[in-house]
Amino acid sequence: MIIRNQAIVDDGWSVLRLNENDTPESVVVPSGKVIVPLKVWQAQRTQLQGRAEIGVWLNSDERAEELQGDLERFAVIAVNFPKFADGRGYSIANRLRVRLGYKGELRAIGDVLRDQMFYMKRVGFDAFAPRADKDIHEALKGLSDFSVCYQGSADEALPLFRRVQRGVVA
Amino acid sequence: MYRYDQYDQQLAAERVAQFSDQVRRRLSGELSEDEFRILRLQNGLYHQVHGYMLRIAVPYGLMSAGQVRTIAQIARKYDRGYGHFTTRQNIQFNWIKLQDIPAIFAELARAELHANQTSGSCLRGITSDEFAGVARDEIVDPRPYAEILRQWSTFHPEFAYLPRKFKIAISGGGEDRAATGVHDIGLRVVKNGQGEVGFRVLVGGGLGRTPVVGTVISDFVPWQHALTYLESIVRVYNEYGRRDNAYKARIKILVKALGIEEFRRQVEADWEFTKGGAMTVTEDELKRVAAFFTPHDYAQLPAVDAGVERLQRENKAFANWLQRNVKPHKTPGYAVVLLSLKKPGVAPGDITADQLDAVAALSERYSFGEVRVTHMQNLVLADVRQSDLIELWQETAGLGLATPNIGLLTDVICCPGSDFCSLANARSIPLAQAVANRFDDFDYLHDIGDIELNISGCINACAHHHVGHIGILGVDKNGEDRYQVSIGGAQGNGIRLGQVIGSSFSAAETPEVIASLLDIYVRERHEGERFVDTVHRLGVQPFKEHVYKTATAVSLGLADEAAAHAESLVASYDDPYFSPRF
């Protein structure tokens, strides 16, 4: 189960993570809907790009720009949060959405917790795989913490001052 | 000053609800301390020596009388009747209970106050010039920009989990009164040749373990583009700042590692995509926000007040207060008044709930109902009629807020030290007390004149000791509080870092070391020269030699006294009303 577009849904995708002995070149990508690490995509792109459905994930120290030109090929792009306090994934998402114009599913994976999900949604994530030990129904609540935002971001490009008539001196 | 509209209010209410729920989940065990810690820090809640410490934001140092009363109320209801103003223009309380957080935050929100992002690895509160809007040397009033930056940085979704804290200061004065050179980003509001307003942007300044004065990344960013430009700086930092070592995680380390040219190149490459985009500030928005900061309805008054001049001649105490605590105002007939929170016997920056209430009332009577906090831990009534000065002096004297020591040696900038702070290596408040006791002769202090003494209890440098004319750093040497002394630091336009004079001193020796430094100054100074200018002219050497020549004698003489002193300062926190105010 994951959260997609603010709802809890079944998910047919699996995330491939490399084990210690795996190399991006040699790891066997199982059949079906698989989200592979960037390095595996880069190493095995000839085989993988023929698949009907393939996803890729970026770690927090990898660059969104690595996927430039390939964005159309993926049914899902995921960004991994090794630790919830590692905030690089927010800028990766921003670049994918705002800079590179990625329109498909953008999924947060890894140490994904309720209390970070609102900001994740703002920078462009529309799917979330909360950490396995957390209640996904509780996590879903995190997406509606705020109804007002000052700044523009990926979810709403316009800052508040361009969207509404703000209050003036009484 | 800025007032919330329905959107600000709504957002504030939603934040209270969010954090209250997080507190509830922490208390029920649903959230682990590891998960909760980062959330509470972004709400100004630290875990300190006495329990939870709450740091309430005073955005760019400006408060209404009503807000001051709310803070007084919180001090009374939820803490021990007093608070501590910090060097980042905030106020903190030290005995907060987690269970009280929802009630406290609701009260704050009702008064248009909050504790958002006053700690944690995020965009911190914006600090600014305490004389904004009233200083004679002001080029542009920075407050509208500070408020626009406050809103931009509040819950910025991309930058809530940065490698480390990120501090922005903004100054619009000819003289920099916001220490912009020692912030992650320092903004000087300036005008270009065409009279257009923009920002001179400094990046990578900061104190702490690796003190660095910021470097100019851009001489002129037009105000419309400030937010997109800052976003690009913070984005490059978010992506490339070090996350493997907290000591090397500030932006200054990244700027040093890349070099300013490369860092600038990356920022500008990023900015290309957003410059002119939706986050560009509109004329309308600037106008809307600026309307909250228009000059007050000043009366037409004579430039000088005869009564004030008369009392100044007749009463030395009043003359001292005028000289030290009253600054010129850009409107004739008005004055800027500093209320000293450095009365000998009180921990620097501390204020009681009763004093807060009294200050609120004074601000309503004499200064359009506004109060400011300085980054040197004093308060300001910025718009006082000169004809009210005598009355205000008498009233503030009765409150213990008229010590005529602004800018003098006893106007010590001081962090809470290990009496309150878990990070500290040494106590700083008792040392400030010792200095106040050692130098209790006002004539001597006035003769020494302008000098800044900054005492930090650890390398994190909350008291900005690197830029103190005399900077003192508390260190822990085998369980003993020791103090390292540096001289020659300065803030303002000529900002520079001080130089350590040598090995550290005991708590008892340190005031004597200061006395030695001042002896050399008095011997060597030119007419009208400040201590720090003498240090810059002569260099550190003569000061250093004199201090260490006398230090041995000092050590011998003070050894016994030091032991007695240490004993007398044992804290007794069991007393529910104990305060290390002395």
With the structure loaded, tell me whether A:ARG163 is more than 26 Å from A:LYS33 (Cα to Cα) and at pLDDT 95 or above or whether it fails that test.
yes
Looking at (1) at the interface with chain B (Cβ under 10 Å from one of its Cβ atoms); (2) buried (at least 17 other Cβ atoms within 10 Å of the Cβ); (3) assigned to a loop (DSSP other than H, G, I, E, B), find the lone condition where A:PHE161 falls short.
(3)
Is it the case that A:VAL79 is surrounded by 17 or more Cβ atoms within 10 Å (Cβ to Cβ) and assigned to a loop (DSSP other than H, G, I, E, B)?
no
For segment A:29-48, what are the residues that are in a loop (DSSP other than H, G, I, E, B) and either under 19 Å from A:GLY12 (Cβ atoms) or among the hydroxyl-bearing types (Ser, Thr, Tyr) (or both)?
A:VAL29, A:PRO30, A:SER31, A:GLY32, A:LYS33
Do we have A:ALA139 as surrounded by 15 or more Cβ atoms within 10 Å (Cβ to Cβ), over 30 Å from B:VAL289 (Cα atoms) and in contact with a Pro (Cβ under 6 Å, 6 or more places away or on another chain) here?
yes
I'd like the full set of residues that are touching a residue at least 40 places away in the same chain (Cβ under 8 Å), at the interface with another protein chain (Cβ under 9 Å from one of its Cβ atoms) and part of a helix (DSSP H, G or I), limited to segment B:235-284.
B:ARG235, B:ASN238, B:THR274
Checked segment B:1-47 for anything of a type in the set (Asp, Glu) and either more than 10 Å from chain A (Cβ to nearest Cβ) or farther than 30 Å from B:ALA382 by Cβ (or both); matches are B:GLU14, B:ASP21, B:GLU30, B:GLU33, B:ASP34, B:GLU35
Which of (1) within 14 Å of chain A (Cβ to nearest Cβ); (2) more than 14 Å from B:VAL234 (Cα to Cα) is the odd one out, the single condition B:ASP137 does not satisfy?
(1)
Going residue by residue through segment B:192-201, is there one that turns out to be in a strand (DSSP E or B), within 14 Å of chain A (Cβ to nearest Cβ) and within 20 Å of B:ALA257 (Cβ to Cβ)?
no
Only residues in segment B:292-309 that are touching a residue at least 24 places away in the same chain (Cβ under 8 Å) and within 14 Å of another protein chain (Cβ to nearest Cβ) count as the first member; pair them with residues that are assigned to a loop (DSSP other than H, G, I, E, B) and among the charged types (D, E, K, R), Cβ under 7 angstrom, at least 6 apart or cross-chain, and list the lot.
B:PHE292/B:ARG3; B:PHE293/B:ASP141
Can you tell me which residue among B:ILE74, B:ILE38 is in a helix (DSSP H, G or I) and over 18 Å from B:GLY349 (Cβ atoms)?
B:ILE38
Among (1) more than 12 Å from chain B (Cβ to nearest Cβ); (2) surrounded by fewer than 22 Cβ atoms within 10 Å (Cβ to Cβ), there is one condition A:ARG107 misses while meeting the rest; what is its number?
(2)
Of the residues B:GLN48, B:GLN73, which is touching a helix residue (DSSP H, G or I) at 6+ places or on another chain (Cβ under 9 Å) and either of a type in the set (Gly, Ala, Ser) or touching a residue at least 60 places away in the same chain (Cβ under 8 Å) (or both)?
B:GLN73
Run down A:GLY101, A:GLY89 and say which single residue is modelled with pLDDT of 95 or more, over 9 Å from the mean Cα position of the chain (by Cα) and either more than 10 Å from chain B (Cβ to nearest Cβ) or part of a helix (DSSP H, G or I) (or both).
A:GLY101
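The values are calculated or read from the model by the stated rules, or taken from the named source; none is laboratory data. Since the model is a prediction, treat every value here as computed from it, not as a measurement. Don't worry about glycine lacking a Cβ; one is built from the backbone with ideal geometry, like all the others, and counts go over all protein chains shown.
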